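Colleague: Please see the structure below; I have some questions.
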Amino acid sequence: MLELYQFEASSFAEKIRLILDYKQVPYRKVEVTPGVGQVEIFQMSGQRQVPVLKDGDQVIPDSTAIALHLERAYSARPLLPTNPKQKGLCLALETWADEAIVPKARVVMVGAFKQHPNFRTALLPSFTPAPLRSLVGALPGDLLNLVGTGVGFGPDDIKTATAGLRQDLEALVLMLQDSPYLLGDEPTLADFAVAAATMYLKFPTAQYVDLPEGIGGKGVPGIADIPETQAFFAWRDRLYSEFRTARTNVPPASAASGPTPISID
């Protein structure tokens, strides 16, 4: 069985989980705990980031490389259009999701952490010890503002990222007006990249990752709760309901013995 070395809250790992579920390829999650060590991941792949896919003797780092490997190795339910122009658009949209939407989503989530303690603690995995969960929720917003200023997470950065994300989501709504998926009648890599990139802006109604019960349908204030984005999130939730397997139907995550990357690809 394939092994996905991952961080549960990673958008890039979620992209691969979506693809594996879409292609109906069984896999086992190996959870990597941030901040403890990264020796095994480095020994396996020559780098420190997750996700990393182990497929037999092959070890593939980087979510895009993993997606392309899965496309080559598991041809059922293709991810890439056959038309060259459509294929180019698909790859460009995936890059946009990974390199533009995800970074802005991280910034606005930091803003939500500062302003809303409940949202801050909701993103912690369910196995997080209660004392740590309480500590994270109790951190003062002013302190978090001070820490974030100067490293891209200050109030002005959050405001700019929020405006950019609203524009991105409105553009996606326009792309989806005449077709069920971004590039036509069948889902592609672009759809899964965009869906994963936005998962933590507004949580799907069903539980697909290891997060507390009751978080479904909630998200970042100013993004998840404005009329302009509702059509996009309705589409994203439909994509999840069609192709993503709920947590009760997937193999349980196992604890990794050594790999614990700090950064997330």
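Please treat every number below as a calculation from the coordinates, not as lab data. Just so you know, these numbers come straight off a predicted model, no measurement behind them. As a convention, Cβ positions derive from the backbone with ideal geometry for all residues, glycine included, and neighbour counts pool all protein chains shown.
Colleague: Hey, can you rank 192-199, 45-52 by average C-beta count inside 10 Å, highest first?
Modeller: 192-199, 45-52
Colleague: Also, quick follow-up: What are the lysines whose alpha-carbon lies under 17 Å from the alpha-carbon of LYS23, with same-chain residues fewer than 8 places away excluded?
Modeller: In chain and number order, the partners are LYS15, LYS54.
Colleague: Which of rounded, prolate, oblate describes the range 8-60, given a ≥ b ≥ c as roots of the alpha-carbon gyration tensor eigenvalues and a/c under 1.5 marking rounded, otherwise prolate only if a/b is larger than b/c?
Modeller: Verdict is oblate for the range 8-60.
Colleague: Among residues other than ILE223 whose Cβ falls under 14 Å from its Cβ, what is the net charge (Lys/Arg +1, Asp/Glu -1)?
Modeller: Around ILE223, the surrounding residues sum to +3.
Colleague: Checking the cross-link filter: which lysines have an alpha carbon closer than 17 Å to that of LYS159, excluding same-chain neighbours under 8 positions apart?
Modeller: Straight-line reach from LYS159, under 17 Å: LYS104, LYS114.
Colleague: Cα gyration tensor of the range 47-119, axes a ≥ b ≥ c as square roots of the eigenvalues: rounded (a/c below 1.5), prolate (a/b > b/c) or oblate?
Modeller: oblate
Colleague: Taking neighbour counts of Cβ atoms within 10 Å as a proxy for exposure, in what order, fewest first, do MET109, MET44 appear?
Modeller: MET44, MET109
Colleague: Around TYR27, what is the net charge, scoring Lys/Arg as +1 and Asp/Glu as -1 over all other residues with Cβ under 11 Å from its Cβ?
Modeller: +2
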